[in-house]
1. Go over the candidates 378, 386, 345 one by one and state the one that is more than 26 Å from residue 399 (Cβ to Cβ) and among the β-branched types (Val, Ile, Thr).
2. Residues to consider are 202, 177; find the one that is of a type in the set (A, V, I, L, M) and either under 17 Å from residue 230 (Cα atoms) or in the same structural domain as residue 95 (by TED's automatic domain parsing) (or both).
3. Going by the conditions given, is residue 31 at pLDDT 90 or above, closer than 20 Å to residue 288 by Cβ, assigned to a strand (DSSP E or B) and under 18 Å from the mean Cα position of the chain (by Cα)?
4. Among the residues of the stretch 132-144, is any more than 30 Å from residue 37 (Cβ to Cβ) and among the small types (Gly, Ala, Ser)?
5. Determine the pairs where a residue that is assigned by TED's automatic domain parsing to the domain that holds residue 254 and over 12 Å from residue 185 (Cα atoms), located within the stretch 227-240, has a partner that is assigned to a loop (DSSP other than H, G, I, E, B) and among the basic types (Lys, Arg) with Cβ atoms under 7 Å apart, the partner being 6 or more residues away or on another chain.
6. Among the residues of the stretch 1-28, what is the count of those that are part of a helix (DSSP H, G or I) and closer than 21 Å to residue 87 by Cβ?
7. Would you mind finding the one in 277, 343, 325, 293 that is within 32 Å of the chain's Cα centre (by Cα), at pLDDT below 85 and aliphatic (A, V, I, L, M)?
8. Find the residue count for the stretch 239-283, including only residues that are farther than 22 Å from residue 217 by Cβ, in contact with an Asp or Glu (Cβ under 7 Å, 6 or more places away or on another chain) and not hydrophobic (A, V, I, L, M, F, W, C).
Amino acid sequence: MSVLVVGLSHRSAPVEVLERAAVMADEVPKLLDEMLRGTHVSEAVLLSTCNRIEVYAVVDAFHGGLADVSTVLSRHAGMPLAELTEHVYVHYAGSAVQHLFAVSAGLDSMVVGEAQILGQLRTAYAAADEAGTVGRVLHDLAQNALRIGKRVHASTGIDAAGASVVSEALADAAAALGGSLESRRAVVVGAGAMGALAAAHLRRAGAAEIVVLNRSPERAARLAENTEAQGTPAHAGGLDALAGELATADLLVACTGAVGTVVDRVTVAAAVADRPARPLAVCDLGLPRDVEAGVAELPGVTLIDLVALQRRLGSDQRGAAVAAAQELVAEEAQAYLAAQRSAEVTPTVTALRRRASDVIDAELLRLDSRLPELDMRVREEFTRSVRRVVDKLLHTPTVQVKRLAEGPDGDSYAAALRALFELDPQTPAAVAIQRSGDVIAALEARTDIPAQEESR
């Protein structure tokens, strides 16, 4: 069984494709169940954020698992599989582990080093655990990823600036409004995690007032009360209050996670019609998008969306901190894989020692039948001597195979031991890398499988 990652992100797909593939929280259990109903998937976790949709799965065969996962994603996105594969990336076995650790460290984020991904990973794991699609492998892998993510953020300084997609969008909004958000009136549409993060950034930036609007007025009220308790005037309302609140707003942040447009062109146009000299910055952080694209064409309105952020942040790096984080992730991935390979060889070592013990027992039984008059003390000493000899003979190969198993080709040593001593006649078949003209071949062309893992 190996780990497979199938995903789309801001690095591989345009926002239009990410919108179609985006998975809402209430859809996650259904999709996970569909994947596990496939022939080759035994565990699965689905991570969906504003710029990433990834499935982490435990599969018994590469191509079969890839087909099971990608078919579900294709059906959900309403895209032909061949079209989806143009934007999909795949990682397998060791490469999948290193990718997850890099994601948890914020190295694969649109804003390199952002810490929000840790909370999103934790939420994705919890949802899969509740759905019953997490087993021993993904539980262990996810806990290690969260630990490594925390370690990277704590020890490398990669997130020293506290940047996130929200903070970067608000920085662009501040530039559009003259360089500062201080004393500005802001409307936040959405009271989830991203809405709360936006309100916190606006409060720290010195916003004069924050209005929180949400489909659920109760959730909006809780966020507004918390904001006011922190010292910034705030009030809440439903989405029907949007037109009235926009009339006196300097900034709109939309981050609902809803399916379909929440802020339309007509509403914004009406709000800015009577204030031609007062600019309005609109931050659309939803996936799918919350704000109708035509809003960007309105006079006095600046639209900052994920497309603009992707374009600006595409080459963002943090120098030495990123290099340190990459090195730490590589070390952790290497250590994790070595431990996994060592654990995998334990049953082989146990089987070898059991085989030796069975042989000794059989021979001693034979000795009893041939020499029934043998003195009991002699027999006991003879038994101890035979067992000591066998233990000494097995000591070096068992210690060595455990040590060698930690290397990249470690499984081959365990396989040789199984073959030599006939310990496992049902040796797992190697992953077949088939070259064909079907859809799977198209996916394979975008796969990252280290050479040493292709023969497994």
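The values are calculated or read from the model by the stated rules, or taken from the named source; none is laboratory data. Worth saying up front: this structure is predicted, and the values here are computed from it rather than measured. Glycine also receives a Cβ, built like all others from the backbone with ideal geometry; neighbour counts cover every protein chain displayed.
1. None of the others qualify; the one that does is 378.
2. Selected residue: 202, the only one of 202, 177 that is of a type in the set (A, V, I, L, M) and either under 17 Å from residue 230 (Cα atoms) or in the same structural domain as residue 95 (by TED's automatic domain parsing) (or both).
3. No, not satisfied.
4. Looking for residues that are more than 30 Å from residue 37 (Cβ to Cβ) and among the small types (Gly, Ala, Ser), one finds none in the stretch 132-144, hence no.
5. From the stretch 227-240, the pairs are 239/215.
6. Total meeting the criteria: 9.
7. Unique residue meeting the criteria: 343.
8. Count: 1.
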